[in-house]
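Heads up: the structure comes next, in structure tokens.
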Amino acid sequence: MRRLREGDVDAFLAYRADPEVARFQSWAPMDRDRALGFIAAVADAPLLQDGEWCQIAVAGDDDALIGDMGLHLHGRVVELGITLARGAWGRCLGSRAYRAALSLVFADPRVDAVVGIADARNTGSLRMLEKAGLRFERAEEAEYDGETCIDHHHRITRADFDGGRALG
């Protein structure tokens, strides 16, 4: 994990324009100028500011951008969501990034729990959440772009997290 930077824009635009990557996301693809503005805006934004989303990069071993992660602190709970380029799917990179983010988030004493939400049809994201140690909490009907779906809510508490390894 690292901050997004201007040099990430081509990779960012590529995976966010991929219909398979965007299928279960609530954001829309961006043009280059808007993407550069977005990256500039999040580059130095506070990581956990109550009521605000922040975005960080998910980079491969070579530091190349392979995805991004959104974190939203509301009260003592952080919602954490991840988007990965299709080439990074199925390689456990999402679970590794999620566990690293959990370590970062739980280092903040204000945070008691982290939630992850995924569309029930998004089996890869559901597996990633479970591998990262989050437990299924509930299913809830939702609507995105006029389409009804079922969101699966997962949670992990500070008490269930141990330095990068979920207990259980």
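Just so you know, all these numbers are worked out from the coordinates, no wet-lab data involved. Just so we're clear, the structure is a prediction, and the values are computed from it rather than from any experiment. Counting neighbours? That spans all protein chains shown, and the Cβs are built from the backbone with ideal geometry, glycine included.
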For this session: Those residues that are under 14 Å from Ala100 (Cβ atoms), in contact (Cβ under 8 Å) with a residue 24 or more places away in the chain and either under 11 Å from the mean Cα position of the chain (by Cα) or not in a strand (DSSP E or B) (or both), I need them from the stretch 50-70; list them, please.
Result: Ile56, Ala57, Val58, Gly60, Gly67, Asp68, Met69
Seminar exercise, completed: Cβ pairs under 8 Å, 6+ apart or interchain, first in the stretch 96-115 and under 15 Å from Gln49 (Cβ atoms), second outside any helix (DSSP H, G or I) and β-branched (Val, Ile, Thr), ordered by first then second residue, are Val105/Val78; Val105/Val111; Val105/Val114; Val111/Val77; Val111/Val78
For this session: Name the helices (runs of 4 or more DSSP H) wholly inside the stretch 1-43 in which the number of residues that are farther than 20 Å from Trp89 by Cβ and out of contact with any Phe, Trp or Tyr (no Cβ under 9 Å at 6 or more places or on another chain) is 2 or more.
Result: 32-43
Problem set entry | Residues that are buried (at least 18 other Cβ atoms within 10 Å of the Cβ) and in a helix (DSSP H, G or I), drawn from the stretch 119-133 | Ser125, Leu126, Met128, Leu129
Seminar exercise, completed: Listed by first then second residue, the pairs whose first member lies in the stretch 2-13 and is within 12 Å of Gln55 (Cα to Cα), whose partner is among the polar types (S, T, N, Q), with beta carbons under 6 Å and at least 6 positions apart or on separate chains, are none
